[in-house]
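Reviewing the structure listed below.
The values are calculated or read from the model by the stated rules, or taken from the named source; none is laboratory data. These numbers come from a predicted model, not from an experiment. Heads up, the Cβs are rebuilt from the backbone with ideal geometry, glycines too, and the neighbour counts pull from every protein chain shown. These area figures cover heavy atoms from the full protein model, side chains too; ligands, DNA and RNA do not enter into them. Shrake-Rupley method; radii C 1.70, N 1.55, O 1.52, S 1.80 Å.
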Amino acid sequence: MAMLQCPECAAELDIDDGVEQGEIIPCPECGADLEVLGTNPINLGLAPEEGEDWGE
Amino acid sequence: MKAIGVYSARVRVEEKQIIAAVGDAGCLAVPVLPASMPLPPGPASPHQAMLGDVRNGSSDEGTQVPLDVIIDRCTNRAVAGVSLQLARLGGVAVVDAGLAATGSRVAVASALERAGIPRPASMVGFSEASSVDAAGHLGYPVTLFGLVPGTSSTPLQDADTADAVIEHRVVLGDDSEAIVLIQAGAPDPGERSLVHVVGGAAIATAGISVDAVGLMLAERAAVALGAGFVTIELARTPSGLVVWDALPVVDFRQAAPVGEMSVAGAIASLALKASSNPVNGRSDGGHAILVGEARRDIALSA
């Protein structure tokens, strides 16, 4: 397990070492969807929200 | 004990800091989830009350907590615009970004213009043709803004890009999305700064360094918008420093404090002031946005 911080609410998260890049993990504290941006080391970022960008 | 609602779908670092600051002042801070409960369209009856924090399924679930003040930290501006209007009707004071919270970007631009605050040359487009005309009139590059404050903007470097982006927006969006504010210039992030203004005073900044003149400019803009707290984006342009945008809900965790007060502490202080001194209407001094005569219970959900 890796100990990381939620980039949205700074909660301490136990992340399984077996996570895959691109996997979406919800933060149990704030509910934000977190994306695994890298696995070596494990790196989390806010998952992009879907929304209309009007082709911009 | 005074109860302050922090109105946000998520309790992020900023909301945690505000809740802690309210708690440090000896008041109860209650996270309030937007949009999870229907509301009556008129003033709420006195027996209705805000629900307590049910987010974590704690023993507080279902506890009703009448709120004295709501701090608007809602990123969903459509929900905030309607629900907080209903909260006001119910007599709950709302501390927010003033016109940047309740008005359109055009209303914000107009208020700043009226106050004589330097802004980039701007035009409002109402259709594909008029928006493209506006961009051409201003001269490229320009930046396109949607009507809702806080939504992203799009730099348009040339006429071809403007044609494509505006056509796409008009064809795929609804009528309101066809209306855009277009500002001259497209300053990159290295030419912009965010100034967090609370109670009429610049509290913290992020981005390029801002001198005293810039801080005063941001403070004037906040006052012009009737904002309790607001983030004013400044941009360095060939004609000098201008107010580029006004944002209702912004992360401030990385902001550098101007003085000793933190942004969260300042917001909490403002909310406490609002809870003890509610008045009708907005202040025009850039201080608390205090609407409603007295504390009254209202049905909103946590």
> Can you work out ³J(HN,Hα) from phi for every residue in segment B:214-230, in order, using Karplus 6.51 cos²θ - 1.76 cosθ + 1.60 and θ = phi - 60°, giving whole Hz and x for Gly and Pro?
Replying inline: x, 4, 5, 4, 5, 5, 4, 5, 4, 5, 4, 8, x, 8, x, 9, 7
> Among rounded, prolate and oblate, which fits segment B:77-130 when a ≥ b ≥ c are the square roots of the eigenvalues of its C-alpha gyration tensor, a/c under 1.5 means rounded, and a/b larger than b/c means prolate?
Replying inline: oblate
>> Starting from the Kirkwood Rh over alpha-carbon pairs, what translational D in µm² s⁻¹ does segment B:182-285 have by Stokes-Einstein at 25 °C and 0.890 mPa s?
In response: 174
> Relative to the present Cα-Cα distance, how much length would full extension add between residue B:172 and residue B:78 at 0.36 nm per residue of separation?
Replying inline: 31.9 nm
> Is there a simple number for the mean count of other chain Cβ atoms within 10 Å of the Cβ of residues in B:7-17, and what is it?
Replying inline: 4
>> So if the hydrodynamic radius of segment B:1-42 is defined as the Kirkwood radius over C-alpha pairs, what does Stokes-Einstein give as its diffusion coefficient at 4 °C and 1.567 mPa s, in µm² per second?
In response: 116
>> Counting protein heavy atoms only and a 1.4 angstrom probe, how many square angstrom of accessible surface do chains B and A bury in total, to the nearest 100?
In response: 1200
> Net charge near residue A:1, counting Lys/Arg +1 and Asp/Glu -1 over other residues with Cβ under 9 Å of its Cβ?
Replying inline: -3
> Of the heavy-atom accessible surface of chain A (probe 1.4 angstrom), what whole percent is carbon and sulfur?
Replying inline: 44
> Label-point separation (nm) for residue B:160 and residue B:253, each offset 7 Å from Cα along Cα-to-Cβ?
Replying inline: 4.1
>> What number results when the radius of gyration of segment B:109-222, computed over Cα atoms, is divided by 2.2 N^0.38 Å?
In response: 1.16
> When the scattering of segment B:183-242 is computed by the Debye formula from its Cα atoms alone, each counted once and equally, what is log10 I(q)/I(0) at q = 0.25 Å⁻¹?
Replying inline: -0.98
>> What is the sum of charges, Lys and Arg at +1 and Asp and Glu at -1, for the other residues whose Cβ falls under 10 Å from the Cβ of residue B:195?
In response: -2
>> Give me the one-decimal Kirkwood hydrodynamic radius in Å for chain A, with the sum taken over alpha-carbon pairs.
In response: 11.8
> Are there residues in segment A:3-47 whose accessible area shrinks by at least 40 Å² when all protein chains are included rather than the chain by itself, and which are they (probe 1.4 Å, ligands and nucleic acids not counted)?
Replying inline: A:8, A:9, A:29, A:30
> Using modelled backbone amide H atoms (1.01 Å from N, in-plane), which distant-in-sequence or interchain residues come within less than 5 Å of residue B:201's amide H?
Replying inline: none
>> Averaged over its residues, how many other protein chain Cβ atoms are within 10 Å of peptide B:148-158's Cβ atoms?
In response: 1
> How long are the three semi-axes of the equivalent ellipsoid of segment B:141-203, in whole Å, if each is the root of 5 times an eigenvalue of the C-alpha gyration tensor, listed from largest down?
Replying inline: 27, 16, 7
>> Can you give me the long-range amide H partners of residue B:75? Hydrogens built in the peptide plane at 1.01 Å from N, cutoff under 5 Å, separation of 5 or more residues or another chain.
In response: B:9
>> How charged is the neighbourhood of residue B:129? Take every other residue with its Cβ under 11 Å from the Cβ of residue B:129, and add Lys/Arg as +1 and Asp/Glu as -1.
In response: -4
> Sequence-distant or interchain residues sharing an amide H contact under 5 Å with residue B:98, placed H: which?
Replying inline: B:228, B:229
>> Below 8 Å between Cα atoms, with a sequence gap of 6+, how large is the relative contact order for chain A in percent?
In response: 26
